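The values are calculated or read from the model by the stated rules, or taken from the named source; none is laboratory data. Worth saying up front: this structure is predicted, and the values here are computed from it rather than measured. Virtual Cβ from ideal backbone geometry, glycine too; neighbours counted across all protein chains shown.
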Amino acid sequence: MRSPLGFDLRGALSGELRAAAAMLDASANDPKAVHRCRVHLKRARALSRVGKQWAPGLAKVFNQTARAAMGALAHRRDAAALIEAAETAEKRSRRKAAAAMRALAATMTQTDATSTPIDVHAASIAIRDLQALAQVWPEASPRQVRAGAKRVARAARRVRKDAVEVRDADLRHDWRKREKDRLYAAEILGKVWPARHSRKSAERLCDLLGMERDTSRLMQRVQAGAVSTGSPDVDARALKALGRQLGKCMRKANAVAKRM
C-alpha cells in the first residue's frame, strides 16, 4: 500500500502530457493553445527534474525530448510573447511612446500572420515519445520523492541568490526557468512538497521574470533591426519605452524575490 507521503510521478507525467497533446490537437494554430501546450510540457519537465533523483538517465532523455517538442512550437509562442510585451509597454506609456509601441506591435502582428507555420507533426511525435518515457519511469519511495523535490527547490534558491540585483540577461533567464520548475513541481506535488511555498509570490515572480525576458528580447531585436516600424525616430521612442518597462520589471522581480 502506498504511503500517504507517496507520489505517483508516472501518473502525473502522463496527465500533463495528455493535456499537452489535447491542446495541440484542439487548435495548433491558436497562439493561446500553443502556449497552454508548452506550459503542460514545462510542468512535465519540472516533474522529470524531481524524478532525476532516482532515474537520472531517463530524466536526461526526457528533458531532451521535451526541449524538441517545445522547440517545434517555439516560433508561434515567441512571436505572441513579443507582441504581448509591446502591447503591455503601450499601456504603460504616454502618448508618443504608446503610439510607437502600437506601431511596433502592429508590424510584428503582420509579420507573424505571414510567417512559416509551426511544425505540429514534429511536436506530436515528440509528445508521443514523452508519453512512452513516462510509462517506464520507476516508482519511487516517499524519501526519494522528497529528496527530488528538495533538489528542485535548492536549484531555484541557488540561482536566485546569484541572479537577484544582477543585470545579466542569461543568468536571469536561468533564474526564471528554475523558479518555474519550483512553482510547477510544488503545485503538482501538493502536500508532498517538502518546503515552504507561497504560490501567489512564486507566480508573481515568474510573471515578472517572463515579461522581463520578453521585453529584453524585443529590445535586442529592435536594436539589431530585425523588428522595425520603418521609422528610426519611432523605433527610438519604442526602445525608450521598452527600456523603462525592462527596468520596472527587474526592480519588481528583485523586490518579490527578497520577500520570499
(request) Would you check which residues across segment 45-69 are surrounded by 20 or more Cβ atoms within 10 Å (Cβ to Cβ) and either among the charged types (D, E, K, R) or closer than 18 Å to A122 by Cα (or both) and list them? (result) R45, R49, F62, T65, A66, A69
(message) Condition (residue is in contact (Cβ under 8 Å) with a residue 12 or more places away in the chain, touching a Phe, Trp or Tyr at 6+ places or on another chain (Cβ under 8 Å) and surrounded by 19 or more Cβ atoms within 10 Å (Cβ to Cβ)) applied to segment 14-31: is it met by at least one residue?
(response) no
(message) Criterion first (aliphatic (A, V, I, L, M), more than 20 Å from the chain's Cα centre (by Cα) and either over 28 Å from V192 (Cα atoms) or crowded, with 21+ Cβ neighbours inside 10 Å (or both)) does L9 satisfy it?
(response) yes
(message) What are the pairs with Cβ atoms under 9 angstrom where one residue, in segment 198-216, is touching a residue at least 40 places away in the same chain (Cβ under 8 Å) and closer than 19 Å to M260 by Cα and the other, located anywhere, is outside any helix (DSSP H, G or I) and not basic (K, R)? Sequence gap at least six, or different chains.
(response) S198/M260; S201/M260; A202/M260; L205/M260
(request) Identify all residues within segment 80-96 that are surrounded by fewer than 21 Cβ atoms within 10 Å (Cβ to Cβ) and over 14 Å from the mean Cα position of the chain (by Cα); write none if there are none. (result) E84, E87, T88, E90, K91, R92, R94, R95, K96
(request) Output the number of residues of segment 225-260 satisfying the condition of being part of a helix (DSSP H, G or I) and either among the β-branched types (V, I, T) or under 23 Å from L205 (Cβ atoms) (or both). (result) 19
(message) I'd like to check something: does segment 160-179 contain any residue that is within 22 Å of A59 (Cβ to Cβ) and not in a helix (DSSP H, G or I)?
(response) no
(request) Taking the options I125, I118, name whichever one is modelled with pLDDT under 95 and either under 20 Å from L239 (Cα atoms) or of a type in the set (V, I, T) (or both). (result) I118
(message) Checking the structure you have, find out if any residue of segment 132-144 is of a type in the set (D, E, K, R), within 17 Å of the chain's Cα centre (by Cα), surrounded by fewer than 18 Cβ atoms within 10 Å (Cβ to Cβ) and in a helix (DSSP H, G or I).
(response) no
